[in-house]
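The values are calculated or read from the model by the stated rules, or taken from the named source; none is laboratory data. The model shown is predicted, which means the values in this text are computed figures rather than measured ones. Counting neighbours? That spans all protein chains shown, and the Cβs are built from the backbone with ideal geometry, glycine included. Just the protein is used for accessible areas: all its heavy atoms, side chains included, with ligands, DNA and RNA removed. Shrake-Rupley method; radii C 1.70, N 1.55, O 1.52, S 1.80 Å.
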Amino acid sequence: GDALLEAQILDYDLVRQVKDEMNESIQVKRGYYDARFIGRSQHEGATHILDDCSSTGEALERIRADIREFKTSNNVNGHTTVIW
């Protein structure tokens, strides 16, 4: 919730409505950071990233494992939406 509000990637009113519930129920997972795909002004602010992976493939597998774990622990029987 707070991360969505700070990132300003979704409509403010939508985030305001779900922020508290998301903060209580969803653990933010770390993501993959590749400086080639991030604007220079965003490099310093990139936080919550997988910085201990030795390769892109390893990071991808960690993200896939996080998605599988999320689906299992939340009884999701279908697709999930990942917001970068």
Kindly indicate the residue of the stretch 31-58 that is under 16 Å from the mean Cα position of the chain (by Cα) and in contact (Cβ under 8 Å) with a residue 24 or more places away in the chain and also farthest from ALA7 (Cα to Cα) among those meeting that condition. TYR32
Could you check how many residues of the stretch 7-38 are assigned to a helix (DSSP H, G or I) and modelled with pLDDT under 80? 3
Checking SER41 against (1) over 14 Å from GLN27 (Cα atoms); (2) part of a helix (DSSP H, G or I); (3) at pLDDT 90 or above, only one condition comes out false. Which one? (3)
Of the residues in the stretch 48-71, those that are out of contact with any Phe, Trp or Tyr (no Cβ under 8 Å at 6 or more places or on another chain) and part of a loop (DSSP other than H, G, I, E, B) number 4
Give the residue that is modelled with the highest pLDDT, with candidates limited to residues of the stretch 59-77 that are open to solvent by less than 60 Å² (accessible area, probe 1.4 Å) and over 23 Å from GLY1 (Cβ atoms). ALA65
Of all residues in the stretch 1-58 being within 15 Å of VAL82 (Cα to Cα), among the hydrophobic types (A, V, I, L, M, F, W, C) and touching a His at 6+ places or on another chain (Cβ under 8 Å), the one that is most open to solvent (accessible area, probe 1.4 Å): VAL28
